[in-house]
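Structure first, commentary second.
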Amino acid sequence: MSDPTPAVPGAARTDEAETRPNAGAAFGISLEEYLLPAARRIQLIGEDGTLLAPEEQGTEPGHEYPLPSAEELLAAYRHLVIGRRVNDQAYALVRQGRMAVYPSSHGQEASEVAAAVCLGEDDWLFPTYRDTVAVIARGVPPLEVMVAYQGTWHQGYDPQKHRVSIQSTPLTTQMLHAVGMAKAARLRGEEVVCLAMVGDGGTSEGDFHEALNFAAVFKLPVIFFVQNNKFAISVPFAKQSAAPSLAHKAVGYGLAGERVDGNDLGALLAVLGRAVELCRQGQGPFLVEADTYRMQAHTNTDDPSRYRDDAEVKEWEARDPLRRMTAYLESTGALTEEVSAQIARDAEDVAQQLRDAMNAETELDPLELFDHVYSVQTPQLAAQRAQLAEELSRSEHQEA
Ligand SMILES: Cc1ncc(C[n+]2csc(CCOP(=O)(O)OP(=O)(O)O)c2C)c(N)n1
Ligand SMILES: [Mg+2]
């Protein structure tokens, strides 16, 4: 990714014991101004798809973000279209009983895509259960990602091959894994940036605190990317945190924070691109908060009508990241009818492959649940396995 980020003098490969240089100096601001997020969130493209005037972008001295090139935007846009198609196809497959569960990121695809494409080949992504679109945008074949949501015992894809960790279901554990990976890479002398995704709810976990503190003290090249989609299942953001914004949590640990419109692909690529670049110069870690919204249910087991108003959902529909980027790219001439048709065909191909694979009858053995938990099974697990085996054989008997 081309990046106009100024180099911080003498900052590369920062020694752990060294006092932190003023990273803000390269941007003409103090360290405090550098660590604190801009007062308003960064937004480059408006809800109607027009490029905002500089004074409307939420930027301020040292926190300016030029819009990425048309080529970069178009390449990311392709992932956006495919991501939306994957989300909606998987959601439908769950409703048809073809997949066990699918936490959809419908409406959050710009954040998903930006988190993946800002990274280089050798970098590592640490996703949550909701971040399937990011995993796919990073290059993991969609079918490999989906088998876990079908109910198999394994993740489906090879984390080492793709440099994508497993999709974490226990909240926030992936943040510590990202920090550990960054520390290990440094000890090995490898230049690796780690990006850990987390939800607004996850920021209340103890692991969040530990990960930020450890990463900041050791100045590790880690980007913590919080998707504030306003809900942790039924818990609204107002009950989650009293902080002015989640990006403000960064300064307390000594890392830089920024808040960005999480439905603006251009702004996300600009902010995350700069964070990656500064991490490579030894100026990590970073906390980036994406202001977005979970448009659909938490998962298929959730009924959002019990805890939120349709009117709020409607408000966020107007901020849809896909429609916004389509309008912008069409207005600049970068997205021609031909290119658009080709991208739509690519997305349809992916959806078709998903339907074919998920509609094929797969043999899932519920007893696999107990395999691979411990190398030597505990007596409790052995007893539970025996109980389930007995129940399964009884129900088979009844069906016969
Ligand atoms: C350690 C842990 N505690 C509780 C849960 C149960 N749980 C699953 S999802 C969720 C809400 C998470 O909300 P958020 O971090 O905002 O992510 P989102 O689902 O909105 O993407 C909770 C509490 C869990 N999976 N792991
Ligand atoms: Mg959330």
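Every number here is computed from the coordinates shown, using simple stated rules; none is lab data. Here the structure is a predicted model, which is why all the values come from computation and not from measurement. Here the Cβ is made from the backbone with ideal geometry for all residues, glycine too, and neighbour counts use every protein chain on show.
Pairwise Cα distances in the range 320-400 exceed 16 Å for 73 percent of all pairs. What the phi angles of the range 120-125 give under the Karplus curve with 6.51, -1.76 and 1.60, with θ = phi - 60°, is a coupling list of x, 4, 7, 6, 10, 10 Hz, glycine and proline written as x. Pairs exceeding a 32 Å alpha-carbon distance, out of Lys249/Lys314; Lys183/Lys314; Lys183/Lys239; Lys239/Lys314: Lys183/Lys314; Lys183/Lys239.
Where a ≥ b ≥ c are the square roots of the eigenvalues of the C-alpha gyration tensor, would you call the range 238-285 rounded, which needs a/c under 1.5, or, failing that, prolate if a/b is larger than b/c, or oblate? It is oblate, given that a/c is not under 1.5 and a/b is not larger than b/c. Here the scattering of the chain is modelled by Debye summation over its C-alpha atoms, one equal scatterer each and no solvent; at q = 0.09, 0.15 Å⁻¹ the log10 of I(q)/I(0) is -0.55, -1.43. Relative contact order for the chain: 23 percent, from Cα pairs under 8 Å spaced at least 6 residues apart, divided by residue count.
Multiplying the residue separation of Glu337 and Asp158 by 0.36 nm and removing their Cα-Cα distance gives an extension gain of 60.8 nm.
Taking each DSSP H run with n ≥ 4 as -39500 (n - 2.57) and averaging over every residue of the chain yields -13000 deg cm²/dmol at 222 nm.
Compute the distance from the alpha-carbon center of the range 164-236 to that of the range 30-49, in whole Å. Between the Cα centres of the range 164-236 and the range 30-49 lies a distance of 22 Å.
DSSP assigns beta bridges within the range 25-359; of those with both partners inside it, close to 10 percent run antiparallel.
Are there GluC sites (Glu not before Pro) in the range 316-400 that DSSP puts in a loop and that have at most 13 other Cβ atoms within 10 Å, and which ones? Passing sites in the range 316-400 are Glu361, Glu363.
Computed over all pairs of different Cα atoms, the Kirkwood value for the hydrodynamic radius of the range 170-281 is 14.5 Å. Using θ = phi - 60° in the Karplus curve 6.51 cos²θ - 1.76 cosθ + 1.60, the 3J(HN,Hα) couplings for the range 358-373 round to 7, 7, 5, 6, 10, 8, 10, 9, x, 6, 4, 3, 8, 6, 6, 7 Hz; x is entered for Gly and Pro. Phi angles across the range 207-224 convert, under the Karplus curve 6.51 cos²θ - 1.76 cosθ + 1.60 with θ = phi - 60°, into 3J(HN,Hα) values of 4, 4, 4, 5, 5, 5, 5, 4, 4, 5, 4, 8, 6, 7, x, 10, 10, 9 Hz, Gly and Pro given as x. For the range 121-207, what class follows from the C-alpha gyration tensor (a ≥ b ≥ c being the square roots of its eigenvalues): rounded when a/c is under 1.5, otherwise prolate if a/b is larger than b/c, else oblate? It is oblate, given that a/c is not under 1.5 and a/b is not larger than b/c. Highest GNM mean-square fluctuation among Ala215, Ala110, Ala232, for the chain modelled with Cα contacts below 10 Å: Ala232. Here the Kirkwood formula puts the hydrodynamic radius of the range 222-265 at 11.7 Å, using every distinct Cα pair. How much FRET efficiency would the formula 1/(1 + (r/R0)^6) give for Glu390 and Glu368, where r is the Cβ-Cβ distance and R0 is 22 Å, rounded to 0.05? Between Glu390 and Glu368 the formula returns 0.85. Select from the range 89-158 those chymotrypsin sites (Phe, Trp or Tyr not before Pro) which occupy a DSSP coil region and have at most 12 other Cβ atoms within 10 Å, ordered by residue number. Qualifying residues, ordered by number: none.
Check each of the trypsin sites (Lys or Arg not before Pro) in the range 118-216 and keep only those in coil by DSSP with at most 15 other C-beta atoms within 10 angstrom; list them in order. Can you show the working numbers first?
On the way: sites: Arg130, Arg138, Lys161, Arg163, Lys183, Arg186, Arg188; in loops: Arg130, Arg138, Arg163, Arg188.
Sparse-neighbourhood loop trypsin sites (Lys or Arg not before Pro): Arg188.
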